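**Q** Quick one: the structure is below, questions incoming.
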């Protein structure tokens, strides 16, 4: 698709729709003022507010782009380059655990990090759990456990002493430090208390950064960049041993119009292809290939004789990674994020400080290092600020960010804008039609004789009675509900069978009895540890190599460890695996449940429309008006929680006696065969060493498995109760709401006729003024309805092109 052709049409359509909505707003204001003395005036004032809100949505399009990247591919640098400021923290070790929204605002003076109350509550609960853990086990043990993550050890004392979390943090350094601390708290939790998932708590809201951004002075930057929301997500290989891509991250990806996958040019080779495939596969499964774009970063490290040319890079990404066909090469971009960031931050600093001197610029050195090479110190001293500015502009163009940003914004506009525009137009058209029909009916009725009006009102009263009778005799609603209930019962029954876990699920079923434990844990056929469950691969190799070397299988399901720490680590890993397996199964069943409910909803809608159409047609024929009734049955609320509560199996400390074998000792003694006991002789003898008492620790999976199955069954029961509540309450309630909506429409026409009866009692001059005002509304409303339909068709055609 040529976005160069589409973008101007889309921008023009957006401006045309905004102009039209302003006129509709003015018309609604006129109508509400004209009829301010009766209930209709208040109704049209409400219509006016709805149109104002719809106009604002079209003006402030929110374009959401999520970024996913393997660790150290340059994701933070890319985001910083778009913003034009060093706003996100980065380091050599894994950084991101919390998804973060970066919201670009053209009217924002300084960047601000905002943490919602729900986010603060979740993090405080996590901190409280960690503090209790540190207090129970001691600070030294906590630091020892974090030995694999030396950059996190300094956070342990801060957590112990108490950690303050503010709702709003300003300034670049404050934002970066806060994000670093929050991400590290989550990572520390996965090590010290792996059974707690801070992101898997209800109502968690991701942190948001509101920030100004660098505005290019030429045409090299879309004007819609000010509508961009960037979602920074944890990369597939950024997670720690006990950290997974949670439902919070999945939700952020779902709400994105586009997902950008960042790859490292220096790591693109055939050997790395399978690893990259594995990393991006969860995102592909979640969103589909058509919504994915690829950014190959660090192309500034390409040498003259590098075999990976630009064309080969695109072929590699498209073919080897399986992200699309060769025709989709336009979704792959090569960039040098470091160049882009150095250029953008320099130009941004100049924009914010137009009178700044070269010596005062904080970003001059980084730019000089990029554009001048080894002579950067001398060149920086000799060149002027204007020369540096030109260098920055050239570096920006060579970075490859211009075509990427333009195309990304175009793609987002293609997806988000038409839907937003169509929604606003549909709402406005419905309100205009109601206004026009009300006005036509009322204007016409004023001129009719009183008896005819009375008969029309009585006919509408009869229609309303027929509607109520129709609602009471709808037995098919119960049939649809019962059929749905049967399907859901079958679905949950299959879930119970699948969810039950056995001892063999922890190890390979093949050769379970014959292989030793180390072999069991490493058997390649152990699909239970490597098969993706739900949307993402969960805990491959959840048992660390250290534990594999330390564990000993004593009997079926009982494992022995030399230390309490090793036993605890194994027990935590076993529970975490079981929880994630169960939670993933629940997620999959919930999705299937929603699909079943959607089928029933569709069938119900068709039935209700068929049942009520005769009543609508009678009113339409008699009043020569068209009703536009939309049946709305929202999806059921069945999301109780995917969280499974499982207690860790007890770790038992025991003592065993271990034989120490025999040793040879030299003994001086007398024997008969040496001088008949007269002279002693040194002899070597074997003596049994004393037995040794050794402490050891055991974990029994046999005790864990029944609890897992019990917890899973309890979660399924909760899901079943939630569905039954929907079927008993919400399902029928929404049917009632449909009839209430239809009743309101018929009542509206009846009330218009009654109002016309009152209008007939007005003085001649007042009646003339009222009719004139009503009649002036009709042609304007009709013309605007026509434009709404035309623009909606244009928006729909844009959607069909995607």
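Derivation of every value follows stated rules applied to the coordinates shown; laboratory data play no part. These numbers come from a predicted model, not from an experiment. Glycine also receives a Cβ, built like all others from the backbone with ideal geometry; neighbour counts cover every protein chain displayed.
**Q** Take the Cα pairs of region 305-403, get the Kirkwood Rh, then feed it into Stokes-Einstein at 4 °C and 1.567 mPa s and tell me D in µm²/s. Let's see the in-between values first.
**A** Details: Rh = 15.4 Å.
Value of D from the Cα-based Kirkwood radius: 84 µm²/s.
**Q** How many nm is it between the label spots at residue 466 and residue 351, if each spot is 7 Å from the Cα in line with the beta carbon?
**A** If labels sit at residue 466 and residue 351, their model points lie 6.4 nm apart.
**Q** Also: So for the pair residue 255, residue 452, with labels modelled 7 Å out along Cα→Cβ, what separation do we get in nm?
**A** Computed distance between label sites residue 255 and residue 452 equals 5.5 nm.
**Q** Applying 1/(1 + (r/R0)^6) with R0 = 35 Å to the Cβ-Cβ distance of residue 360 and residue 168, what FRET efficiency is obtained, to the nearest 0.05? Show your work: numbers first, answer last.
**A** Working: r = 29 Å, r/R0 = 0.83.
According to the calculation, E is roughly 0.75.
**Q** While we're here: Quote to one decimal, in nm, the extra length available between residue 763 and residue 30 on full extension: 0.36 nm per residue of separation minus the C-alpha distance between them.
**A** Working: separation 733, 0.36 × 733 = 263.88 nm, distance 2.18 nm.
Stretched out fully, the residue 763 to residue 30 stretch lengthens by 261.7 nm.
**Q** At a Förster radius of 56 Å, what calculated FRET efficiency corresponds to the Cβ-Cβ distance of residue 158 and residue 687, to the nearest 0.05?
**A** Numbers: r = 57 Å, r/R0 = 1.02.
Computed FRET efficiency for residue 158 and residue 687 comes out at 0.45.
**Q** Additional query: What is the distance, in nm, between label points placed 7 Å from the Cα along the Cα-to-Cβ direction at residue 124 and at residue 598?
**A** It is 3.9 nm.
**Q** Let me ask something additional. Principal axis extents for region 363-466, Cα atoms only, whole Å, descending order, please.
**A** Largest to smallest, the principal-axis extents are 98, 26, 17 Å.
**Q** Would you mind calculating the gained length between residue 394 and residue 563 on full extension (0.36 nm times residue separation, minus the Cα-Cα distance), in nm to one decimal?
**A** Working: separation 169, 0.36 × 169 = 60.84 nm, distance 6.10 nm.
The span from residue 394 to residue 563 would gain 54.7 nm if fully extended.
**Q** Just subtract the alpha-carbon distance of residue 613 and residue 703 from 0.36 nm times their residue separation and send over the number in nm, one decimal. Provide the component values of the computation, followed by the final result.
**A** Working: separation 90, 0.36 × 90 = 32.40 nm, distance 6.12 nm.
Length gained, residue 613 through residue 703: 26.3 nm.
**Q** Next question, about the same structure. Within the P(r) computed for region 23-99, what percentage of the Cα pairs occupies the region above 20 Å?
**A** On the way: 1677 of 2926 pairs.
Percentage above 20 Å: 57.
**Q** Now a separate question. What number does region 49-151 give for Rg over Rh if you use C-alpha atoms and the Kirkwood radius?
**A** Rg divided by Rh gives 1.10.
**Q** Moving on. Among 232, 161, which comes first, second and so on when ranked by fewest other beta-carbon atoms within 10 Å? Intermediate results must be reported in sequence, preceding the final value.
**A** Numbers: 232 26, 161 8.
Ranked by crowding around the Cβ, least crowded first: 161, 232.
**Q** Using R₀ = 56 Å, calculate the FRET efficiency as 1/(1 + (r/R₀)^6) where r is the Cβ-Cβ separation of residue 42 and residue 143; round to 0.05.
**A** Working: r = 67 Å, r/R0 = 1.19.
After rounding, the FRET efficiency stands at 0.25.
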